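I'd like to ask some things about the structure below.
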Amino acid sequence: RAVPPGSPPAMPAPRGKLISDRAVYRGGDELFLHGYLREVDKQGRLALPSGTVRAQVVVGWEASSPRAGGTVASSSGGSFSPAFGGGFSFPPGGNDSEQEVLEIDYDAQHGAFALRATIPPTARPGEHRLYLRALLSDDTPGSPSGFVGGGVFGPQGRERILDTVVVQVADPRPPSVSMSATLAPGGMRVLPPGGTIRLAVQTRTLSGVPVGGARVTLRWRIELTPPAVGCAYCLPEGGWGGGRDGGGWGGGGGGGGDVPEAAPELPLSGEEELRVGADGSLETDWSPPAGASHPLSLGDSLHLSFEWVGPTREIITAALDVPVALSERSLSVRPTTQAELPGIPFGGGLGLELTQRLGGAPAPGARLRLSLFRLSTENGTALSTENGTPASTEYRTPPQPGNRPARFPSELYHGAPWLTDGLPAALPPPATDLLRGQECEVTTAADGAAAAPPHSACALALPGMGHFLLAACEVAGTGGGPEGGTGPGGGGGDGPGVCSGVVVGRSLPQWQRSPVGSDFLSRAISPSLDASTYASGDTATLRLHNPLSTPLSPLLAWGSVLGQRVLLPPPLPPGDNTISFPIGPECLGGCRVSLQLAAVADADRAALPGGVPASPLLDSRGPMLASFDLSAEVPPLGMGITVTLEPRNDAELPGGSGGVTIRLRDTETGEPVSGLVALAAVDVAMLQLRPHPPADVGAELAPRPGGWYSLTSTYDQLASSPALPATAAKLRALLEADPFLRLNWDALPSASGAWQLSDAERPVEETLARNAGDLSPLPQGGYYGRGIPAGGG
């Protein structure tokens with residue numbers, strides 16, 4: 001059932017945005033502020049405030065900038081703590097002399113205000129924070145003493161911080177020149193391993209005159225790919241397959257493949273000098289200096305910083321980050337736990353995304369080929385070729401740069417990265433490892449993502465326990481670029497087609513170390529929505545695959561603080577299913593979609609699908625419950641405005657007057673609109689000292705109601721019939737082995753949820769070894785075990 005966690009926030013709710021004309025000021029400068037005030041009504045819409053508006057801008061010029069948890073003086077002699085939601089408290093002894101309260105002149109027609117103030121000449125150098133503060137009304141709607149009729153916020157008091165702006169007070173020497181450092185147009189924006197990039201550097205005065213002969217210091221630093229995160233159920237000793245499981249990947253114990261000896265590492269940082277030409281520009285091919293016998297690894301990143309001491313001795317800097325990659329496109333494969341279980345289709349839970357590595361632009365219309373390779377036997381032993389070399393590791397002696405993954409894990413596990421944006425030649429040999437019946441193609445959508453529904457021809461499934469490689473490669477001639485790629489992954493004119501792959505599945509020893517528990521149903525199902533964004537009135541479709549032999553009883557709830565809706569669909573039979581439900585205004589700004597799936601007890605369910613080991617505390621024939629949370633969104637109604645500026649002249653004389661033409665257009669229709677415009681003219685030199693990008697006011701004021709309910713269930717309180725005698729038998733065996741044991745034990749009904757076995761599931765010897773320790777008197781008030789006081793019952 002859905003249970004509200006507390007009282008919902010009062011509606012209507014005030015929102016505000018405060019903007020300064022620049023980020024750096026000198027003492028005595030004028031500070032120009034512009035602000036916007038809105039409210040979110042009970043229907044979740046953004047609107048002009050409906051009641052009397054009172055708001056202030058508060059700043060303490062001489063006080064240190066607030067740190068997390070710090071306080072700033074209040075106009076009433078109190079203080080507020082921004083780190084705790086902007087609530088106000090009023091202790092005595094406030095210091096009014098350090099605070100300035102600026103009353104705003106509110107324009108009710110446009111919901112905006114303009115404000116100017118003077119930076120005190122004695123203001124302490126450093127950062128200062130200005131707060132846009134709303135004065136909320138009392139309990140009487142429309143009270144003239146408050147903000148947005150009746151918007152009371154309970155424990156936060158009658159004052160609320162809507163927004164903050166940080167400004168820097170300093171006395172800098174503004175620069176007279178500028179420098180740009182970019183990758184030259186027409187070249188790749190990534191650095192292939194062993195390759196080069198083409199740099200373009202320009203030095204100019206702020207009026208655009210070239211500065212020739214400039215000496216620019218280039219400092220470079222290589223940031224290595226972070227190592228793969230391990231898993232809690234992997235073997236703690238040796239390399240994968242070594243010793244206990246047999247086989248060998250080299251490194252842990254027994255039968256490693258031909259792994260090349262370690263080569264000298266590239267230096268991770270350095271610097272050199274660049275000299276621009278007489279025209280103030282330089283284009284040059286560059287790569288990290290030679291000094292190693294092997295190239296950089298895929299996934300590394302190259303950080304470049306440029307420093308130029310200008311004509312008046314000012315220091316001008318620029319920075320550039322370049323990924324180490326074969327292509328500007330990046331292909332990610334994100335399997336879910338559904339792909340971990342044998343025999344269960346996981347096409348619907350597969351996340352594929354092809355994006356432009358720089359800028360994040362999606363690559364729609366790309367065809368991706370999915371392949372499944374077997375890497376090991378059921379027991380985790382690596383497959384071998386006729387000469388005894390593990391077939392799946394032959395790629396580790398790469399014939400050319402970029403054909404190997406960087407930082408390979410010592411033991412394979414579900415979700416371990418195998419290859420990221422590499423070449424098809426890096427995949428295992430198809431003749432020995434490819435599962436011929438597990439190949440298919442998908443096409444990326446407008447957002448660059450691709451997912452195959454379980455019922456499609458691209459639904460994949462593991463044939464059994466063991467380790468498998470799920471690989472995705474661009475098909476030749478696709479990928480959002482012109483044809484020209486080579487090989488099965490050739491994708492476009494901005495580099496070869498890429499392949500990425502992850503390990504899926506677990507070996508039998510890994511399942512035994514962390515067997516399936518009461519969370520089986522949550523791991524075996526990956527529901528997905530047909531879209532993430534809808535219009536009010538649309539019908540959303542939820543897809544899922546029922547892996548059991550009995551129907552599932554669903555309960556669907558969705559909504560936010562604006563309202564909640566509940567649907568009780570008919571039972572879902574085994575196999576592929578869909579649930580359709582209407583999307584309304586309750587999802588305006590985003591809503592939570594909660595799905596509950598219950599399976600009744602089934603006496604014929606002797607074993608779980610896939611035949612994987614199960615916890616002795618789990619009754620596979622008992623009832624099951626799975627909970628899932630998804631999200632859907634209805635964007636606010638189109639209120640976007642596009643602003644364009646055109647200067648009257650490209651250059652103006654000192655002391656003269658200039659002009660600009662401002663045009664406002666509706667973002668969706670392109671039609672002209674009228675409105676209030678705030679225009680700020682700032683010296684470019686001041687913006688170079690500290691960037692001050694324009695704010696997206698509409699996006700920052702957009703309402704985000706969020707979910708306002710939680711779910712409760714009695715499922716976790718159930719104990720299966722096998723669990724009780726199994727737990728009693730284990731406790732009896734423990735007491736017989738060692739009568740001096742604590743009186744409470746961790747007997748979880750699920751091992752896989754915690755990624756470790758509970759005490760009631762481990763062998764007696766292992767449990768005793770984990771709890772062994774020196775016998776010594778406990779201090780006063782100490783505890784035996786968990787919650788048993790010393791000397792108490």
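Can you name the residue in segment 633-642 that is closer than 30 Å to Ser594 by Cα and open to solvent by less than 90 Å² (accessible area, probe 1.4 Å) and, of all such residues, is modelled with the lowest pLDDT?
Gly638
What's the number of the only condition in (1) within 16 Å of Ile525 (Cα to Cα); (2) surrounded by fewer than 18 Cβ atoms within 10 Å (Cβ to Cβ); (3) under 28 Å from the mean Cα position of the chain (by Cα) that Gln596 fails to meet?
Unmet condition: (2).
Filter segment 643-684 down to the residues that are at pLDDT below 85 and either among the aromatic types (Phe, Trp, Tyr) or farther than 28 Å from Pro175 by Cβ (or both) and list them by number.
Within segment 643-684, Thr667, Glu668, Thr669 meet the criteria.
Additional query: Does any residue in segment 321-347 that is over 13 Å from Leu298 (Cβ atoms) come within less than 6 Å, Cβ to Cβ, of a residue that is part of a helix (DSSP H, G or I) and among the basic types (Lys, Arg) six or more places away or on a different chain, and which pairs are these?
Thr337/Arg523
Further question: Only one of Leu423, Leu470, Leu460, Leu435 is surrounded by fewer than 21 Cβ atoms within 10 Å (Cβ to Cβ), modelled with pLDDT of 70 or more and in contact with a Leu (Cβ under 7 Å, 6 or more places away or on another chain); which?
One residue alone meets the criteria, Leu435.
For segment 326-356, enumerate the residues that are surrounded by 21 or more Cβ atoms within 10 Å (Cβ to Cβ), modelled with pLDDT of 70 or more and in a strand (DSSP E or B).
Arg329, Ser330, Leu331, Val333
Still on this structure, I have one more. Please work out which one of (1) closer than 30 Å to Val634 by Cα; (2) modelled with pLDDT of 80 or more; (3) loosely packed, with under 12 Cβ neighbours inside 10 Å is the condition Ala695 fails and give its number.
(3)
May I ask you to list the residues in segment 162-219 that are surrounded by 16 or more Cβ atoms within 10 Å (Cβ to Cβ) and of a type in the set (Asp, Glu)?
If the condition is that a residue be surrounded by 16 or more Cβ atoms within 10 Å (Cβ to Cβ) and of a type in the set (Asp, Glu), then Asp163 is the only one that fits.
Further question on the same structure: Hey, could you check segment 22-35 for residues that are part of a strand (DSSP E or B) and open to solvent by 50 Å² or more (accessible area, probe 1.4 Å) and say which is nearest to Val58 (Cα to Cα)?
If we take residues in segment 22-35 being part of a strand (DSSP E or B) and open to solvent by 50 Å² or more (accessible area, probe 1.4 Å), then Phe32 is nearest to Val58 (Cα to Cα).
A follow-up question, please. Taking segment 173-206 as the region of interest, how many residues are within 17 Å of Glu314 (Cβ to Cβ) and modelled with pLDDT under 85?
2
Then there is this: Taking the condition of being touching a residue at least 24 places away in the same chain (Cβ under 8 Å) and open to solvent by 60 Å² or more (accessible area, probe 1.4 Å), how many residues in segment 718-736 meet it?
Residues in segment 718-736 being touching a residue at least 24 places away in the same chain (Cβ under 8 Å) and open to solvent by 60 Å² or more (accessible area, probe 1.4 Å): 4 in total.
Give the residue that is surrounded by the most Cβ atoms within 10 Å (Cβ to Cβ), with candidates limited to residues of segment 528-542 that are modelled with pLDDT under 90 and under 27 Å from Val504 (Cα atoms).
Within segment 528-542, the match that is surrounded by the most Cβ atoms within 10 Å (Cβ to Cβ) is Ser528.
So which residues in segment 36-53 are open to solvent by less than 30 Å² (accessible area, probe 1.4 Å), closer than 20 Å to Leu102 by Cβ and in a loop (DSSP other than H, G, I, E, B)?
Scanning segment 36-53 gives Pro49, Val53.
Taking the conditions exactly as written (part of a loop (DSSP other than H, G, I, E, B) and either modelled with pLDDT of 90 or more or more than 30 Å from Leu372 (Cβ to Cβ) (or both)), does Pro554 satisfy them or not?
Criteria not met by Pro554.
A further question on this structure: Restricting attention to segment 637-670, which residues are touching a Pro at 6+ places or on another chain (Cβ under 7 Å) and in contact (Cβ under 8 Å) with a residue 24 or more places away in the chain?
Arg665
Given the options Leu645, Leu653, name the one that is part of a strand (DSSP E or B) and open to solvent by 80 Å² or more (accessible area, probe 1.4 Å).
Leu645
Do you know which residues across segment 404-420 are of a type outside the set (A, V, I, L, M) and at pLDDT 70 or above?
Tyr413, His414, Gly415, Pro417, Trp418, Thr420
Exactly one of these conditions fails for Leu724: (1) of a type outside the set (Lys, Arg); (2) at pLDDT below 80; (3) not in a helix (DSSP H, G or I). Give me its number.
Of everything listed in (1) of a type outside the set (Lys, Arg); (2) at pLDDT below 80; (3) not in a helix (DSSP H, G or I), Leu724 misses just condition (3).
Now for a separate question. Would you check if there is a residue in segment 728-741 being touching a helix residue (DSSP H, G or I) at 6+ places or on another chain (Cβ under 9 Å) and modelled with pLDDT under 70?
yes
Hey, Ser549 hits all of (1) of a type in the set (Ser, Thr, Tyr); (2) at pLDDT 85 or above; (3) touching a strand residue (DSSP E or B) at 6+ places or on another chain (Cβ under 7 Å) but one; which does it fall short on?
Every listed condition holds for Ser549 apart from (3).
May I pose another question? Hey, Gly359 hits all of (1) under 21 Å from the mean Cα position of the chain (by Cα); (2) in a loop (DSSP other than H, G, I, E, B); (3) at pLDDT 85 or above but one; which does it fall short on?
Failed condition: (3).
Still on this model: Have a look at Arg605, Arg621 and point out the one that is basic (Lys, Arg), in a loop (DSSP other than H, G, I, E, B) and touching a residue at least 40 places away in the same chain (Cβ under 8 Å).
Arg605
Then there is this: Quick one: count up the residues across segment 561-586 that are open to solvent by less than 60 Å² (accessible area, probe 1.4 Å), under 13 Å from Ser536 (Cβ atoms) and modelled with pLDDT under 90.
4
For residues that are open to solvent by 80 Å² or more (accessible area, probe 1.4 Å) and modelled with pLDDT under 85, tally how many sit in segment 265-297.
Looking only at that region, the number is 4.
The values are calculated or read from the model by the stated rules, or taken from the named source; none is laboratory data. In this text the structure is predicted, and so the values were computed from the model without any measurement. Every residue, glycine among them, receives a Cβ derived from its backbone with ideal geometry; neighbour counts consider all protein chains shown. To get the accessible areas, we keep the full protein, side chains included, count just its heavy atoms, and leave off ligands, DNA and RNA. Shrake-Rupley method; radii C 1.70, N 1.55, O 1.52, S 1.80 Å.
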